[in-house]
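Below: the structure, in structure tokens.
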Amino acid sequence: MFSKRDYMRLVGILFLLAQSAIFAQPLFAQPLRIAAAADLQQALPELIKVFRQKHPSASVEAVYGSSGNFTAQIRSGAPFDVFFSADMRYPARLHEVGETTAKPRRYALGQLVLWIGKNPKTNLGADLSKANLAILTDTRLRRIAIANPLHAPYGERAQEALQASDLWDAVQKRLVLAENVAQAAQYAQTLNVDAAIISLSLALSPLMQQSGNYVRIDSALHKPLEQGVVVIKRSQHRALSEAFVDNVCSPEGASILARYGFLP
């Protein structure tokens, strides 16, 4: 029979073996975590699917939000491996404070659009082929969504376009500020607002096209939506992260992004 000392020794050995088994698991057991600008909600799942065909043992998770908020979270230690921003400035700031493995790489150029819901009472969203931002002065458009300009690049560019068109003061009281551009699109798609300034990538989604129409906003009215990506220095999947970024920045990745409304 085991003595109490032998029993405790056996328990200790089993505990150490269990701990060894946990730490011996491959890093792929923990997913590659991606912080992604909200305008990538349609495109990134396909990019992940293509990547996993080449790396079948890899697990990849994406979280979507505003670039400014992600920057703050990463600086506070959030466990992301890769950061896709809708504006090069945010990953550049992370690089400046030593949070990234290298300077940001440009992966796409975003496009801004005005989306208006199909409303049988006003018919404003029926044909936007000749429309521009001036249509927002029509008071039948009672609520207009944009992403919050304080931390969301698409919201900042929306504000720039409205100011360049001398429309900011006229529409400011009717603006609904969303947490990010995807939330602005959601407000629009569910017709909780009458119009929205969002990304082309989101406007191209089937749900958005069913419930409204869009017109592209003249890019001369705002700064470019130059989008950048970085690998976070503390990532435990650095090689895999670099491979994912390389895949997105490849001609194959550019082709996928183009189908979702991004320019190279």
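The values are calculated or read from the model by the stated rules, or taken from the named source; none is laboratory data. As the structure is a computational prediction, the values presented were derived from the model and not from experiment. Don't worry about glycine lacking a Cβ; one is built from the backbone with ideal geometry, like all the others, and counts go over all protein chains shown.
Residue count for region 211-230, restricted to those that are charged (D, E, K, R) and outside any strand (DSSP E or B): 2. Here the condition is being charged (D, E, K, R), over 13 Å from the mean Cα position of the chain (by Cα) and assigned by TED's automatic domain parsing to the domain that holds residue 160; of 54, 118, 103, it holds for 118 alone. For region 137-149, the count of residues that are assigned to a helix (DSSP H, G or I) and out of contact with any Cys (no Cβ under 8 Å at 6 or more places or on another chain) is at least one. Here's a check for you: in region 210-264, which residue that is of a type in the set (A, V, I, L, M, F, W, C), in contact with a strand residue (DSSP E or B) (Cβ under 6 Å, 6 or more places away or on another chain) and under 30 Å from residue 117 (Cα atoms) is surrounded by the fewest Cβ atoms within 10 Å (Cβ to Cβ)? Among those that are of a type in the set (A, V, I, L, M, F, W, C), in contact with a strand residue (DSSP E or B) (Cβ under 6 Å, 6 or more places away or on another chain) and under 30 Å from residue 117 (Cα atoms), it is 263. Taken together, 147, 86, 134, 170 contain a single residue that is in the same structural domain as residue 207 (by TED's automatic domain parsing) and closer than 27 Å to residue 48 by Cβ, which is 147. Screening residue 62 with (1) at pLDDT 95 or above; (2) exposed (fewer than 14 other Cβ atoms within 10 Å of the Cβ) gives one miss only, at (2). Inspect all residues belonging to region 91-105 and state whether any of them is surrounded by 19 or more Cβ atoms within 10 Å (Cβ to Cβ) and closer than 27 Å to residue 206 by Cα. So far as region 91-105 goes, no, none of its residues is surrounded by 19 or more Cβ atoms within 10 Å (Cβ to Cβ) and closer than 27 Å to residue 206 by Cα. Which residues, taken from region 34-92, are under 19 Å from residue 261 (Cβ atoms), small (Gly, Ala, Ser) and outside any loop (DSSP other than H, G, I, E, B)? Residues satisfying the conditions are 36, 37, 38, 62, 67, 85. Would you check which residues across region 190-207 are surrounded by fewer than 24 Cβ atoms within 10 Å (Cβ to Cβ) and either under 26 Å from residue 106 (Cβ atoms) or without any contact (Cβ under 8 Å) to a residue 24 or more places away in the chain (or both) and list them? Matches in region 190-207: 190, 200, 204, 205, 206, 207.
For region 65-87, a residue qualifies if it is crowded, with 23+ Cβ neighbours inside 10 Å and either under 19 Å from residue 185 (Cβ atoms) or small (Gly, Ala, Ser) (or both), and the qualifying residues are 66, 67, 68, 70, 84, 85, 86, 87.
Counting just the residues of region 36-57 that are in contact with a helix residue (DSSP H, G or I) (Cβ under 6 Å, 6 or more places away or on another chain), at pLDDT 95 or above and over 21 Å from residue 74 (Cβ atoms), which one comes out surrounded by the fewest Cβ atoms within 10 Å (Cβ to Cβ)?
In the first step, residues of region 36-57 are kept if they are in contact with a helix residue (DSSP H, G or I) (Cβ under 6 Å, 6 or more places away or on another chain); the result is 36-39, 41-43, 46-47, 51, 57.
Restricting the remaining residues to those that are at pLDDT 95 or above gives 36-39, 41-43, 46-47, 51.
Then keep just the ones that are over 21 Å from residue 74 (Cβ atoms); that gives 42-43, 46, 51.
Values: 42: 19, 43: 24, 46: 14, 51: 20.
Among residues in region 36-57 that are in contact with a helix residue (DSSP H, G or I) (Cβ under 6 Å, 6 or more places away or on another chain), at pLDDT 95 or above and over 21 Å from residue 74 (Cβ atoms), the one surrounded by the fewest Cβ atoms within 10 Å (Cβ to Cβ) is 46.
Annotation note: Cβ proximity below 6 Å between a residue of region 219-231 that is within 11 Å of residue 164 (Cβ to Cβ) and a residue that is in a helix (DSSP H, G or I) (sequence gap 6+ or interchain) occurs for 221/161; 221/164; 222/157; 222/160; 222/161.
As for region 176-196, it holds at least one residue that is over 18 Å from residue 64 (Cβ atoms), part of a strand (DSSP E or B) and of a type in the set (Gly, Ala, Ser).
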